[in-house]
1. If you take the residues of segment B:150-181 that are more than 7 Å from chain A (Cβ to nearest Cβ) and of a type in the set (A, V, I, L, M, F, W, C), which of them is farthest from residue A:145 (Cα to Cα)?
2. Any chance you could count how many residues in segment B:25-54 are of a type in the set (Ser, Thr, Tyr) and farther than 20 Å from residue A:104 by Cβ?
3. Can residue A:47 be described as within 16 Å of DNA strand C (Cβ to nearest atom), assigned by TED's automatic domain parsing to the domain that holds residue A:16, touching a residue at least 24 places away in the same chain (Cβ under 8 Å) and of a type in the set (Ser, Thr, Tyr)?
4. Here is a list of conditions, (1) out of contact with any Ser or Thr (no Cβ under 9 Å at 6 or more places or on another chain); (2) among the hydrophobic types (A, V, I, L, M, F, W, C); (3) within 13 Å of DNA strand C (Cβ to nearest atom), and residue A:36 meets all of them except one; can you say which number that is?
5. Being at the interface with chain B (Cβ under 9 Å from one of its Cβ atoms) and either among the hydroxyl-bearing types (Ser, Thr, Tyr) or more than 9 Å from DNA strand C (Cβ to nearest atom) (or both) is the filter here; which residues of segment A:1-22 pass it?
6. Out of segment B:123-135, which residues are in contact (Cβ under 8 Å) with a residue 24 or more places away in the chain and within 20 Å of residue B:30 (Cα to Cα)?
7. What about residue A:138, is it more than 14 Å from the chain's Cα centre (by Cα) and open to solvent by less than 40 Å² (accessible area, probe 1.4 Å)?
8. Of all the helices (runs of 4 or more DSSP H) wholly in segment B:62-181, which have at least 2 residues that are within 30 Å of residue A:78 (Cβ to Cβ)?
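The values are calculated or read from the model by the stated rules, or taken from the named source; none is laboratory data. These numbers were taken from a predicted model, which means no experiment stands behind them. Methodologically, a virtual Cβ is constructed for each residue, glycine included, from the backbone with ideal geometry; neighbour enumeration extends over all protein chains shown. Accessible surface areas use protein heavy atoms only, side chains included; no ligands, DNA or RNA. Shrake-Rupley method; radii C 1.70, N 1.55, O 1.52, S 1.80 Å.
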Number of protein chains: 2
Amino acid sequence: MGTLGYAILGLLYRRSMTGYELSKEFESGLFEVWSAKHSQIYPELKSLYEAGLIDYQVEISGTVLEKKVYTITSDGERMLQKWVQDSGAAPQAPKDEFRLRLFFSDCVSANSRRQQLESRLAQHQQRLERLQKDQNKFEELPPQDDQAFNDYLVLLGGIFREQAACQWLETCLELCRQRGE
Amino acid sequence: MGTLGYAILGLLYRRSMTGYELSKEFESGLFEVWSAKHSQIYPELKSLYEAGLIDYQVEISGTVLEKKVYTITSDGERMLQKWVQDSGAAPQAPKDEFRLRLFFSDCVSANSRRQQLESRLAQHQQRLERLQKDQNKFEELPPQDDQAFNDYLVLLGGIFREQAACQWLETCLELCRQRGE
DNA sequence: GAATTCATGTAATCAGTTACATGATTGA
DNA sequence: TCAATCATGTAACTGATTACATGAATTC
């Protein structure tokens, strides 16, 4: 089973949901971490159901509109736990188009490269600010067994990542200045 | 055209190569930044050739073995330059299976989560050491117009990224300890 | 002579995105 | 009544991996 399946199991472990609500979760709470469109979610729900890892009940919204509210089964919970505890080797570092462009930037001027670094720095600074706003919503550190504790750790991961990106780009710009004059 | 095409153009801009040599470059020099298997490279070379962005000459190794040595064309160079200078919006943060597992780790014990964090920390520390060894190969900062200067900046990106990962995981472990006792 | 590396391709499959397709419900 | 959102699916296509397939050259 692929990661998407486990992501769905994890969300359904937190609470029962429809496919539509799952797709909203991928756009909001999980946005920084994983994503999936509804066109991928619905087929995946079907195969999770066929594997006995989730179940569903049909509910009626209004007078006729049917929606399927999915629930994780005990088999599903076991699968999820096994996956969460599986500490395999970290995958290869993710592909990074910006660093690839930088790698090949000796085909353009040093000035053009500097502009690239600056515009990218601005983007990461903005991201960092957004994440820090999310961090401020936590008034205090949640208790260790609260799911909010995990949310907080994951959020911290994004903050550290964006801070590192900013520091790296600032260092690059500094090195360009050093060698430029 | 996709990123792989530009990666190939960039490598061929540095020097002419066979498909086989390109695949070795993706395993060595570009490993941290981009990757591709030969099964993806050969078809891509074909379409780059059909688009007039690269050219090739057949050379003979030994007595019969034919190899195609690819060269970038002037059209290819222009395409490459345009791509390197294109500062579009940074893509969505890459999917991160480890952070996803952490996000759902309230389905396992706090102890199990701590083990995950520790084992992951060890992996990133190892990666960081490897990158720092590469950094030590640079005796001094290369001149700004040298391609080695870009190599150095890209390497720094990996180092900052791994450092941030280590710091994040150490912070997580520290927070677990704080809330654990 | 045997193993490793050099060298080039195709086929099947998987994960993921974009586009196609439909229709009900809710709130302005 | 009109727009936004809720709700569920399928189809076509792209990017990427794994497996299939072949054979020459080099090195031990």
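1. Ranking the qualifying residues of segment B:150-181, first place goes to B:155.
2. At the first step, the residues of segment B:25-54 found to be of a type in the set (Ser, Thr, Tyr) are B:28, B:35, B:39, B:42, B:47, B:49.
Still in the running and farther than 20 Å from residue A:104 by Cβ: B:39, B:42.
Total meeting the criteria: 2.
3. Details: within 16 Å of DNA strand C (Cβ to nearest atom): yes; assigned by TED's automatic domain parsing to the domain that holds residue A:16: yes; touching a residue at least 24 places away in the same chain (Cβ under 8 Å): yes; of a type in the set (Ser, Thr, Tyr): yes.
Considered against the rule, which asks whether it is within 16 Å of DNA strand C (Cβ to nearest atom), assigned by TED's automatic domain parsing to the domain that holds residue A:16, touching a residue at least 24 places away in the same chain (Cβ under 8 Å) and of a type in the set (Ser, Thr, Tyr), residue A:47 comes out as yes.
4. If we test residue A:36 against (1) out of contact with any Ser or Thr (no Cβ under 9 Å at 6 or more places or on another chain); (2) among the hydrophobic types (A, V, I, L, M, F, W, C); (3) within 13 Å of DNA strand C (Cβ to nearest atom), just (1) comes out false.
5. Restricting attention to segment A:1-22, the residues satisfying the condition of being at the interface with chain B (Cβ under 9 Å from one of its Cβ atoms) are A:3, A:6-7, A:9-11, A:13-14.
Passing the criteria: A:3, A:6, A:9, A:10, A:11, A:13, A:14.
6. At the first step, the residues of segment B:123-135 found to be in contact (Cβ under 8 Å) with a residue 24 or more places away in the chain are B:124-125, B:127-128, B:131-132, B:135.
Result: B:124, B:127, B:128, B:131, B:132, B:135.
7. Values: more than 14 Å from the chain's Cα centre (by Cα): yes; open to solvent by less than 40 Å² (accessible area, probe 1.4 Å): no.
Here the answer is no, as residue A:138 does not meet what is asked.
8. Working: elements: B:74-85, B:97-103, B:110-137, B:147-180.
Output list reads B:97-103, B:110-137, B:147-180.
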